[in-house]
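To start, the structure itself, in structure tokens.
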Amino acid sequence: MNIAYFNGNFLPKDEIKISPDDRGFLFADGIYEVMKWTSGFFYDLESHIIRMKRSLKEISINWPEEDTFSGFAHKLIELNGLSDKQALIYLQVTRGAAPRTHYFPGPEVTPTVYAFVREFIPSGILPGTGIRVMVKEDIRWSRCDIKSVALLPNTLSFQEAHQKGLGECIFFRNGLITEGSHSNIFFVVDGTLFTYPESGYILSGVTRKNILRIARQAGIPVKEEPISVNDLATVQEAFITNTSAEVTPVTALGSHTVGNGTAGAVTMLIHKIFHSEIAAQRG
Ligand code: PDD
């Protein structure tokens, strides 16, 4: 049975009842987080908590119990028998239920807090291989730095990629590659690692942050600068990052084959360090 967390309680997922007046349902007025449990700990829990608090603050949701997240996240793993497995936790916090108005309810209502865990089954992408992605104009708003549950542009775009048998949809804005529908993207050009800088046009990924740290520590030159959509043919390596896909090589960008169509050396080095750090932390 899947035990979820709902407004302070642990209960079977199918017993949870959410009001039809919930602003998450009516307006996508809420934020979320996804963290990975790697058989013993949540990967970079601290950064996820910092980002969750930032997202809440940016849309003025006051969740007084925000510091309970770490505790109930661990409890959910335990209650669902996932302690020695790989799992993902999804947390969503909305502004709460109130009669529908475009302005925020006043006085403030209690936020709705929901979290569930599920076992993580790795994608099955073989080492050295990767995914092919499509590239298209970014149709999202300019506050992509907020981990908002308003993901329709992301899901429509990913659906398009999925229908074409591709692994991700990568966006460009003003002619510059920003990120994917649910991932950040990195490029290697002449030995230097490039990724779009932190701004309202990308989500500041927890994995992105750690990959930048790993690359710098490994002596790989790093530039948090965009790559133009017109320069994709010059890219020698590319990979996407997110909490579930971790470091996934990209072997084709639209009509361009990346490098020789397999995972490149810089990508594989970063992939190896990323996984050895997790293994070392697990002990
Ligand atoms: N998505 N950019 C976007 C638009 C994302 O949705 C995500 C993550 C990332 C990578 O962030 P992180 O490395 O912190 O997971 C970048 C999650 C996994 C999701 O929506 O399920």
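What follows draws every value from the coordinates through simple rules; no lab data is involved. None of the values given here were measured: they were computed from a predicted structure. Cβ coordinates were reconstructed from backbone atoms using ideal geometry, including for glycine residues, and neighbour counts include every protein chain displayed.
Placing +1 on the Cβ of every Lys and Arg and -1 on the Cβ of every Asp and Glu, with no other charges, gives the range 139-283 a dipole of roughly 320 debye about its Cα centre. By the equivalent-ellipsoid construction on the alpha carbon gyration tensor, the range 131-282 comes out with semi-axes of 22, 18, 15 Å, ordered largest to smallest. Given +1 at the Cβ of Lys and Arg, -1 at the Cβ of Asp and Glu and no other charges, the dipole of the chain around its Cα centre is 100 debye to the nearest 20.
When +1 charges are put on Lys and Arg Cβ atoms and -1 charges on Asp and Glu Cβ atoms, the dipole computed for the range 30-133 relative to its Cα centre reaches about 380 debye.
Positive-end ranking of Leu269, Ser244, Met134 along the dipole of the range 131-282, with charges on Cβ about the Cα centre, is headed by Ser244. In this rough spin-label picture, where each label sits 7 Å from Cα along the Cβ direction, the Phe27-Arg216 distance is 3.8 nm.
Considering only alpha-carbon pairs that sit under 8 angstrom and 6 or more positions apart, the relative contact order computed for the range 75-174 is 26 percent. Distance cut-off 22 Å, Cα to Cα: go down the list Lys75/Lys147; Lys36/Lys75; Lys13/Lys57; Lys36/Lys164; Lys36/Lys209; Lys13/Lys85 and report the pairs above it. Lys75/Lys147; Lys13/Lys57; Lys36/Lys164, as the Cα separations exceed 22 Å there. Between 0 and 90 degrees, the angle of helix 45-58 with respect to the longest Cα principal axis of the chain falls at about 70 degrees. Placing unit charges on each Cβ (+1 for Lys and Arg, -1 for Asp and Glu) gives the range 37-84 a dipole about its Cα centre, and among Ile49, Gly71, Thr38 the Cα reaching farthest toward its positive end belongs to Ile49.
Relative contact order, whole percent, for the chain stands at 18, derived from Cα pairs under 8 Å and 6 or more residues apart. Sites listed here are GluC sites (Glu not before Pro) in the range 133-200 whose DSSP assignment is loop and whose Cβ has at most 13 other Cβ atoms within 10 Å, and the list is empty. Between the Cα long axis of helix 265-282 and the first principal axis of the chain there is an angle of about 40°, rounded to the nearest 10. Given all pairs of different Cα atoms, what value in angstroms does the Kirkwood hydrodynamic radius of the chain take? Result for the chain, one decimal place: 19.9 Å. Look at where the Cα atoms of the range 217-238 and of the range 1-76 average out, and the two centres are 34 Å apart.
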